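Trainee: Got a structure for you, questions after.
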Amino acid sequence: MNTYSHDAIVPFKDSEESKKKQVEEMFDKIAFRYDFLNRFLSAGIDVRWRKKAIKELASIQPKNILDVATGTGDFAVTSYKILKPEQITGIDISEGMLEIGRKKIKNLGLEGEIRLLNGDSEAIFFKDSSFDAVTVAFGVRNFENLEGGLSEIYRVLKPGGKLVILEFSKPSLPVIKNLYNFYMKFVTPKIGKLISKNNEAYQYLNNSVQKFPEKEKFIQILNQLKYRHSFYKTLSLGICTIYCGEK
């Protein structure tokens, strides 16, 4: 499988551990402030992004959804509220994030509809053709091997099933691009450090976004991995992008 420059971007540059292990440790450390920082740093726009991405699945009315890199379960919860599937399963490597997600789901009374499990996106422990749809919100940048994770998702999708990815991207308009770069490079890490006591996580966020193969390049990767009808839609002047593909 091909490798990409973002595959080598890690949270802790001095660590000898794998990217996967570093990402797990990073999210365990910031889990207690993750949801708050998402709302704060995006001024709440991330809620609208999630809703728009999930509506891409409305046409197929999925009954069984897998949410990869589910974190604290935000995308899974929003998916349930909009689509009302029979079952949503979320997997993530960070037990710290999952613990918060499970409490959230219990408080919402959705334990029968949403389950969160510790699981690796690049070695998904479900059988072939298990899910009508797979979603990933702000998680594909964290894959240790991008093609490995996308191939696993393809494997567990049913024929005709749909993948929906929501991911940060870089705006192309010069003025917006300069403001975005300044915010991501200087403002976001400082706020992240102030609130979560962790500077590396939000430096990593910017570094991984800068190196990620986005838009047309990402669609090419999906097509190479046999996804069909692949397309993307940019949101908020290109700050975020929805990617879709079918099996």
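Trainee: Which one, PHE27, LEU83, ILE176, is farthest towards the positive end of the dipole of the chain when Lys and Arg carry +1 and Asp and Glu -1 on their Cβ?
Mentor: Positive-most Cα among the choices belongs to ILE176.
Trainee: Taking H placed 1.01 Å from N in the peptide plane, check which residues at least 5 places from GLY90 or on another chain put their amide H under 5 Å from its amide H.
Mentor: For GLY90, the qualifying residues are ASP67, ARG115, LEU116, LEU117.
Trainee: Go through region 74-90 residue by residue and turn each phi into a ³J(HN,Hα) via Karplus (6.51, -1.76, 1.60, θ = phi - 60°); whole Hz please, and just put x for glycine and proline.
Mentor: 4, 5, 5, 5, 5, 4, 5, 4, 8, 9, 6, x, 6, 8, 10, 10, x
Trainee: With charges only on Cβ, +1 for K and R and -1 for D and E, what is the dipole size of the chain about its Cα centre, in debye, rounded to 20?
Mentor: On the way: 38 positive and 30 negative charges, 195 e Å.
For the chain, the charge dipole is close to 940 debye.
Trainee: What FRET efficiency comes out for ILE176 versus GLN87 if R0 is 30 angstrom and r is the Cβ-Cβ distance? Round to the nearest 0.05.
Mentor: Values: r = 40 Å, r/R0 = 1.33.
So, using R0 = 30 Å, E works out to roughly 0.15.
Trainee: Another one. In whole Hz, what ³J(HN,Hα) sequence does region 143-152 give by Karplus (6.51, -1.76, 1.60; θ = phi - 60°), x for Gly and Pro?
Mentor: 5, 5, 9, 4, 5, x, x, 5, 5, 5
Trainee: Non-local amide H neighbours of CYS240 (under 5 Å, H modeled in plane, Pro and chain starts lacking H): which ones?
Mentor: Those qualifying (amide H under 5 Å, at least 5 residues apart or on another chain) are SER169, LEU235.
Trainee: Quick one: among LEU157, LEU194, LEU235, which has the greatest mean-square fluctuation in a GNM of the chain with alpha-carbon springs under 10 angstrom?
Mentor: LEU194
Trainee: Could you work out the local net charge near VAL47, counting Lys and Arg as +1, Asp and Glu as -1, over the other residues with Cβ closer than 9 Å to its Cβ?
Mentor: On the way: positive: ARG39, ARG48, ARG50, LYS51; negative: ASP46, ASP74.
So the surrounding residues net to +2.
Trainee: If you don't mind, another one. What FRET efficiency do you get for LYS197 and ASN64 if R0 is 41 Å and r is their Cβ-Cβ distance, rounded to the nearest 0.05?
Mentor: Working: r = 38 Å, r/R0 = 0.94.
So the FRET efficiency works out to roughly 0.60.
Trainee: Scan the chain and hand back the longest stretch that contains none of the GluC sites (Glu not before Pro) lying in DSSP loops with at most 15 other Cβ atoms within 10 Å.
Mentor: Details: sites that count: GLU16, GLU17, GLU86, GLU111.
So the longest stretch without any such site is 112-247.
Trainee: Compute the signed sum of charges (Lys and Arg +1, Asp and Glu -1) over the other residues within less than 15 Å, Cβ to Cβ, of LEU235.
Mentor: On the way: positive: ARG48, ARG50, LYS51, LYS52, LYS55, LYS170, LYS215, LYS233; negative: ASP46, GLU56, GLU167, GLU214.
Result for the neighbourhood of LEU235: +4.
Each value in this text was obtained by applying a stated rule to the coordinates, not by laboratory testing. Owing to the predicted nature of the structure, the values given are computational and were not obtained by experimental measurement. Note that we place each Cβ from the backbone using ideal geometry, even for glycine, and neighbour counts take in every protein chain shown.
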